[in-house]
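The structure appears below as structure tokens.
The values are calculated or read from the model by the stated rules, or taken from the named source; none is laboratory data. None of the values given here were measured: they were computed from a predicted structure. Note that each Cβ is placed from the backbone with ideal geometry, even for glycine, and that neighbours are counted across all protein chains shown. Protein only, heavy atoms only, side chains kept; ligands, DNA and RNA dropped before computing areas. Shrake-Rupley method; radii C 1.70, N 1.55, O 1.52, S 1.80 Å.
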Amino acid sequence: MLCGKDAMKNVVLCTTMWNVEKAAKAESREKQLLSKFWHKMTEEGAKSARHDGTIESSLEIIDQLLGLPPISLDIQKSLAEGKSLSETAAGQEINRELIALQAKHKQEIEDLMNQMKEALKEQDIKAHSVLMAERMRLEGELSKKQREQERLSSLFLENLERVENGMKALQKKWEDSWCVIA
């Protein structure tokens with residue numbers, strides 16, 4: 001999980017379109033989100049809010065967050081411990097399918113190598129060249145998937161940093177907005 005269970009109390013899940021949709025339809029969608037998709041997060045302390053497209057609505061949601069103590073996300077803790085993105089729980093979740101695909105391609109390449117050895121033993125040059133072309137194709141796909149994984153990891157870290165910087169800026173703005181009357 002990206003955030004971790006401890007961070008859920010600092011999460012506000014927002015529904016939108018309250019100013020556009022009919023109330024019954026919006027309530028139905030909200031109920032579906034809360035029961036199907038957000039259930040686990042709300043059980044762990046996340047709150048839900050309705051955003052109606054107004055500045056007041058935005059400020060109410062921000063106010064819910066600004067008064068809360070800062071919490072380090074699980075991914076932040078893991079990265080601070082020196083783990084690479086792919087070693088974190090979030091990274092593993094993101095990359096699970098990609099890793100399975102890579103393993104499948106590696107196995108296919110290994111199988112092709114064995115078939116190529118057999119073809120060479122049988123002096124079947126045509127089969128060998130067909131298998132060699134397939135090996136090259138699979139290696140190309142594997143290389144492409146690895147580059148994609150690296151790109152996704154990089155984008156993820158950039159977005160995480162952007163969110164952290166935004167939260168710090170909001171926290172500072174909130175702290176600076178307090179005035180003391182003596």
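To keep it simple, each residue is scored yes or no on (1) modelled with pLDDT of 75 or more; (2) open to solvent by 100 Å² or more (accessible area, probe 1.4 Å).
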position: L142; (1), (2): yes, no
position: R147; (1), (2): yes, yes
position: L152; (1), (2): yes, no
position: E158; (1), (2): yes, no
position: E161; (1), (2): yes, yes
position: W174; (1), (2): no, no
So A7 fits all but one of (1) open to solvent by 80 Å² or more (accessible area, probe 1.4 Å); (2) of a type outside the set (S, T, N, Q); (3) part of a helix (DSSP H, G or I); (4) at pLDDT below 90; what number is the exception?
(1)
If you check T88 against the conditions, is it surrounded by 14 or more Cβ atoms within 10 Å (Cβ to Cβ) and at pLDDT 90 or above?
no
Residues being in contact (Cβ under 8 Å) with a residue 40 or more places away in the chain and either small (G, A, S) or open to solvent by 60 Å² or more (accessible area, probe 1.4 Å) (or both) - total across region 46-68
1
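Of all residues in region 10-32, which are part of a helix (DSSP H, G or I), open to solvent by less than 50 Å² (accessible area, probe 1.4 Å) and aliphatic (A, V, I, L, M)? So that I can check it myself, show each step before the final result.
Initial filter on region 10-32 (part of a helix (DSSP H, G or I)): 10, 23-32.
Keeping just the survivors that are open to solvent by less than 50 Å² (accessible area, probe 1.4 Å) gives 10, 26, 30.
Result: A26, single match.
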Residue set E134, E139, E122; condition closer than 24 Å to L152 by Cα and not aliphatic (A, V, I, L, M); output residue E139
